[in-house]
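The values are calculated or read from the model by the stated rules, or taken from the named source; none is laboratory data. As the structure is a computational prediction, the values presented were derived from the model and not from experiment. Cβ: placed from backbone, ideal geometry, glycine included. Neighbour counts: every protein chain shown. Protein only, heavy atoms only, side chains kept; ligands, DNA and RNA dropped before computing areas. Shrake-Rupley method; radii C 1.70, N 1.55, O 1.52, S 1.80 Å.
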Amino acid sequence: MSKCVNGLKSRLTAIIGAQWGDEGKGKLVDILAEKYDFCARFNGGANAGHTIVVGGVKYAFHLLPCGILYQTCMNVIGNGVVVNIPTMFEELAQLDKNKVDYTGRLVISNRAHLVVDGLLEADAKSESDSRKKFLGTTKRGIGPTYSAKALRQGLRVGDLLLWDTFLLKYHALNAKLREQEGIQIDTQKEINTLKEYRDILVNKNMIVDTISLISNARKDGKRILAEGANATMLDIDYGTYPYVTSSSTNVGGVCTGLGIPPSAIETVIGIVKAYTTRVGEGPFPTELTNETGKYLQKTGHEFGATTGRPRRCGWLDIPILRYSIQINGHSSINLTKLDILTGLEEIKIGVNYLLNGKVIDYIPAQLEDLAQVQVEYMTLKGWKQDISDCKIFSDLPIEAQNYVKKIEELLGIPVSWIGNGPQREKIILKD
């Protein structure tokens, strides 16, 4: 049987960002989730931002899996995620407002770690410390929470089940934050808030052993969609360190963040914006600081769903995508926001990096080297026609088709999906 590259018939598909994030992962997750039994977040926290437009209603999810919009889909926040409980309930309020029933369809791993106020304050303090290099984090407490986890000082969602024990651990963590960081917060106020939310979670049986849940689902033949946050170039190991997030954003994070064996993953779809963007600091080889860059930013509405920060824009970067394929073994690519390139006279693709005048076949680990690379470009003819109403690949202007085909040729893997507008239905399944 041939491998399913588009995820439509796979038993377990992973959706992975292949650039610096903000590629539009949520849209494909939303589309595929209708056909899957489980949708599971495996990494990150409220630093992610997946925006989905359904029936004219825009949903901005930061913690909730995108499958929450489908009544037939069970949604899992896995052990690899760091969870800000009040933020999660704010997102659930969006669903309540729009009468989306999620009763019995959302569970949180008892092994997932909690983001609490002291860790949020530690994040903000670290970013504002002039003695430290500004990393451009979202200040959502992600780094300090993963740090507390690694130092074995963290709080886990399962700790909420034993409230008295949780309080002891909570006070111990805050004592360390006061001693080491000079952080003072209103602990009683936060305790009262957490107790209120904790009672809801316990009464609705939302805190569970998701390792066992997913394992049993697999045995029962259920289909599972693993939803990634952030992207390859923000991975704690493989990204442009230290301008990265604090979790495993690549396919390995599916295994560690959900308790799934590597052999179970059948399809890995890399989400690739038709150009390149990144938020925050760090080298960006194909960045455009000219009018074309401003055009992409304005036309593509390139402002972060989580922070509202403007995204830096540039041409498509093939070396970065080859790197993502090396790490993730992408089965295919979902090319998003192709419509944003409409109107450009010509479109460039960064095809190679040169360092010290020589073509290199790797991504430099040292940022000093990455900042020095020169990009070798190829130029393709653009198109003027509106492509937002195209339903099949052959509907696209020949120039747009050539752009997609050239990407396939350069990467050696197929493009399976093409996004041509923000709405759920604005996507082309490429044969």
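Select from region 137-166 the residues that are of a type in the set (Gly, Ala, Ser) and surrounded by fewer than 18 Cβ atoms within 10 Å (Cβ to Cβ) and list them in ascending order. Break it down into steps so the answer makes sense when it comes.
Within region 137-166, the first condition is being of a type in the set (Gly, Ala, Ser), and the residues that meet it are 141, 143, 147-148, 150, 154, 158.
Within region 137-166, Ser147, Ala150 qualify.
Examine region 374-385 for a residue that is touching an Asp or Glu at 6+ places or on another chain (Cβ under 7 Å) and surrounded by fewer than 13 Cβ atoms within 10 Å (Cβ to Cβ), and state whether such a residue exists. Yes; the residues of region 374-385 include at least one that is touching an Asp or Glu at 6+ places or on another chain (Cβ under 7 Å) and surrounded by fewer than 13 Cβ atoms within 10 Å (Cβ to Cβ). Within region 224-250, how many residues turn out to be crowded, with 20+ Cβ neighbours inside 10 Å and either part of a helix (DSSP H, G or I) or over 13 Å from the mean Cα position of the chain (by Cα) (or both)? Within region 224-250, residues that are crowded, with 20+ Cβ neighbours inside 10 Å and either part of a helix (DSSP H, G or I) or over 13 Å from the mean Cα position of the chain (by Cα) (or both) number 9. Among residues of region 265-299 being in a helix (DSSP H, G or I) and not polar (S, T, N, Q), the one that is nearest to Val404 (Cα to Cα) is Leu296. Applying the set (1) over 21 Å from the mean Cα position of the chain (by Cα); (2) within 30 Å of Leu8 (Cα to Cα); (3) of a type in the set (A, V, I, L, M) to Ile269 leaves exactly one unmet item: (1).
Of the residues making up region 312-360, those that are more than 24 Å from the chain's Cα centre (by Cα), surrounded by fewer than 22 Cβ atoms within 10 Å (Cβ to Cβ) and among the aliphatic types (A, V, I, L, M) are Leu344, Val351, Leu354, Leu355, Val359, Ile360. When Val107, Val100, Val53 are checked against the criterion of being under 28 Å from Asn192 (Cα atoms) and part of a strand (DSSP E or B), a single residue qualifies: Val107. The single condition from (1) surrounded by fewer than 13 Cβ atoms within 10 Å (Cβ to Cβ); (2) under 26 Å from the mean Cα position of the chain (by Cα) that Ile398 fails is (2).
For region 57-82, what are the residues that are touching a Leu at 6+ places or on another chain (Cβ under 6 Å) and not in a loop (DSSP other than H, G, I, E, B)?
So the first thing to find is which residues in region 57-82 are touching a Leu at 6+ places or on another chain (Cβ under 6 Å), and the list is 75, 78.
Once the filter is applied, which keeps residues that are touching a Leu at 6+ places or on another chain (Cβ under 6 Å) and not in a loop (DSSP other than H, G, I, E, B), region 57-82 yields only Asn75.
What pairs come out if I take residues in region 145-161 that are acidic (Asp, Glu) and pair them with residues that are surrounded by fewer than 23 Cβ atoms within 10 Å (Cβ to Cβ) whose C-beta lies under 6 Å away, six or more apart or interchain? Once the first residue is acidic (Asp, Glu) and sits in region 145-161, its partners that are surrounded by fewer than 23 Cβ atoms within 10 Å (Cβ to Cβ) give Asp159/Phe166; Asp159/Lys169.
For region 331-354, a residue qualifies if it is closer than 21 Å to Gly24 by Cα and of a type in the set (Val, Ile, Thr), and the qualifying residues are Ile333, Thr336, Ile340, Thr342, Ile347, Ile349. Residues that are among the charged types (D, E, K, R) and open to solvent by 10 Å² or more (accessible area, probe 1.4 Å) occur at least once in region 56-72.
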